[in-house]
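Here is the structure we will look at.
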Amino acid sequence: MRKDRDGQPAFDTEVINAIRQEEAGTIQGAKLIQAGELVAFPTETVYGLGADGLNGEAVAKIFAAKGRPADNPLILHIAKKSDVRRLWSRIPKQASILMDTFWPGPLTLVAPKSDLIPDEVTAGLDTVAVRLPQNKTARALIAKAGVPIAAPSANRSGRPSPTTAQHVLDDLGGRIPLILDGGSCHYGVESTVLSLVSEPTILRPGAITREMLSALIGEVRVSASILSPMKEDEIAASPGMKYQHYAPLAEVVVVLGAPQQAAKRINALYRAAEAEERSVEIAATEQTKQFYRGMRHIVLGDRNAPETLCANLFSALREMDSRAELILAEGIAAEDEGLAYMNRLLRAAGFVVIDASKE
Ligand code: TXA
Ligand code: MG
């Protein structure tokens with residue numbers, strides 16, 4: 001096997017169209033997983049980079065391929081609900097109703113781990129995160145592999161999560177043997193991560209919202225780190241949140257305010273950047289695109305339907321990042337699915353925010 005410059009095994013990455021060839025693709029993928037190799041696969045949230053979750057050596061390859069810090073734990077993906085029994089040492093009391101309602105789907109549950117789980121998966125924590133994805137190809141792959149599949153998002157560490165097979169190829173081409181191409185991901189942001197270790201707490205917001213969870217299990221807390229940079233004492237509970245995720249090379253500025261106010265401020269910032277000969281892009285919405293005529297912009301979706309903004313955010317960040325030094329993005333209310341959107345956007349911006357409603 002060839003090695004590339006930083007000592008990673010070099011592969012001629014194969015891409016299989018898993019919509020046309022799901023059976024052949026998942027058979028080949030499952031063989032690689034069983035042999036301790038990595039396979040990138042589609043899920044309904046973002047693409048995952050999978051390895052046999054019970055094989056510590058295979059899991060270590062994920063960290064090497066992504067350049068991921070070793071203290072950031074991984075999610076185990078299962079193909080049927082009953083698989084969770086051997087992964088957790090006890091089933092938290094709220095878990096059953098959540099699994100029955102939201103699995104398969106974009107909800108990850110954290111509970112005390114069983115002895116089966118290698119330390120590489122949990123980064124030494126005594127808990128493990130588990131999710132049953134909805135995506136057909138993902139489930140066929142896990143079922144055929146016959147093991148839980150440990151998988152983070154299939155991006156190089158620090159890049160926006162991949163929502164197409166091309167994004168995975170851009171980041172990990174040559175570093176992994178196989179990508180299963182299932183087209184664009186439905187949700188476009190990663191799963192909601194809910195800890196059930198003590199009081200139910202959302203560690204990362206996603207398409208399954210706090211409102212949807214608390215309708216079933218009562219009070220659900222939201223980790224303070226979701227909309228602000230982490231403090232030292234919060235890091236232990238949710239190691240993933242401390243890293244500046246989704247960080248484009250371009251400077252990203254979030255502009256808050258009602259549509260017209262935000263657009264007015266973005267216009268001024270755009271003109272000022274142009275005067276300095278900086279290349280600029282705007283992450284716009286249906287409500288504001290009329291204010292950006294003649295300016296470079298991408299319409300992410302509808303401000304009143306934050307799931308549409310979520311679906312396009314990461315791909316738009318990648319696209320704008322390839323063209324611009326400055327990205328101006330509209331912020332929205334951090335409620336319902338808007339919480340997931342603002343969580344990702346604020347991290348991409350390194351928490352640089354201008355509030356146009358205060359002008
Ligand atoms: O939608 C998703 O969740 C995607 C797809 C591929 O399933 N996966 C994903 O994985 O986003 P990753 O590794 O990029 O994010 C996992 C998050 C991190 O923030 C990590 O810190 C947290 O889950 N996590 C994992 N295990 C944990 C644990 N035992 N306790 C607390 N947080 C945990
Ligand atoms: Mg990730």
Practice item. Please tell me if Leu49 is under 17 Å from Asn135 (Cβ atoms) and outside any loop (DSSP other than H, G, I, E, B). Key: yes
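Kindly provide the set of residues from region 313-359 that are among the acidic types (Asp, Glu) and either over 20 Å from Ala224 (Cα atoms) or out of contact with any Cys (no Cβ under 9 Å at 6 or more places or on another chain) (or both), ordered by number.
Keep residues of region 313-359 that are among the acidic types (Asp, Glu), which gives 319, 321, 325, 330, 335-337, 355, 359.
Result: Glu319, Asp321, Glu325, Glu330, Glu335, Asp336, Asp355, Glu359.
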Revision key, fill the gap. Scanning region 164-196 residue by residue, the ones that are assigned to a loop (DSSP other than H, G, I, E, B) and within 12 Å of ligand 2 (Cβ to nearest atom) total 3
Review point. Take the residues of region 69-89 that are crowded, with 21+ Cβ neighbours inside 10 Å and of a type outside the set (A, V, I, L, M, F, W, C): which is farthest from Val128 (Cα to Cα)?
Key: His77
Practice item. Tell me which residues, restricted to region 311-335, are surrounded by fewer than 21 Cβ atoms within 10 Å (Cβ to Cβ), assigned to a helix (DSSP H, G or I) and in contact (Cβ under 8 Å) with a residue 40 or more places away in the chain. Key: Asn312, Asp321
Practice item. Pull up region 133-163, narrow it to residues that are more than 10 Å from ligand 1 (Cβ to nearest atom) and over 15 Å from Gly29 (Cβ atoms), then point me to the one that is most open to solvent (accessible area, probe 1.4 Å). Key: Gln134
Check your understanding: Considering only region 197-211, how many residues are over 13 Å from Tyr187 (Cβ atoms) and not in a strand (DSSP E or B)?
Key -> 6
**Study point:** The one condition in (1) within 28 Å of Met212 (Cβ to Cβ); (2) open to solvent by 30 Å² or more (accessible area, probe 1.4 Å) that Arg293 fails to fulfil
**Key:** (1)
Revision key, fill the gap. Thr308 meets each of (1) open to solvent by 30 Å² or more (accessible area, probe 1.4 Å); (2) within 15 Å of Ala324 (Cα to Cα) with one exception, condition (2)
Check your understanding: Where residues in region 90-111 are surrounded by fewer than 20 Cβ atoms within 10 Å (Cβ to Cβ) and of a type in the set (S, T, N, Q), which of them is nearest to His186 (Cα to Cα)?
Key -> Thr101
Point to revise | Contacts under 6 angstrom Cβ, first residue in region 277-303 being touching a residue at least 40 places away in the same chain (Cβ under 8 Å), partner aromatic (Phe, Trp, Tyr), 6 or more apart | key: Val280/Tyr270; Ile282/Tyr292; Ala284/Tyr292
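The values are calculated or read from the model by the stated rules, or taken from the named source; none is laboratory data. The shown structure was predicted, so the numbers you read here are calculated from the model rather than taken from an experiment. When we count neighbours, we look across all protein chains shown, and the Cβ atoms used for this are built from the backbone with ideal geometry, even at glycine. When the accessible area is computed, the model is the full protein with side chains, heavy atoms only, and any ligands, DNA or RNA have been set aside. Shrake-Rupley method; radii C 1.70, N 1.55, O 1.52, S 1.80 Å.
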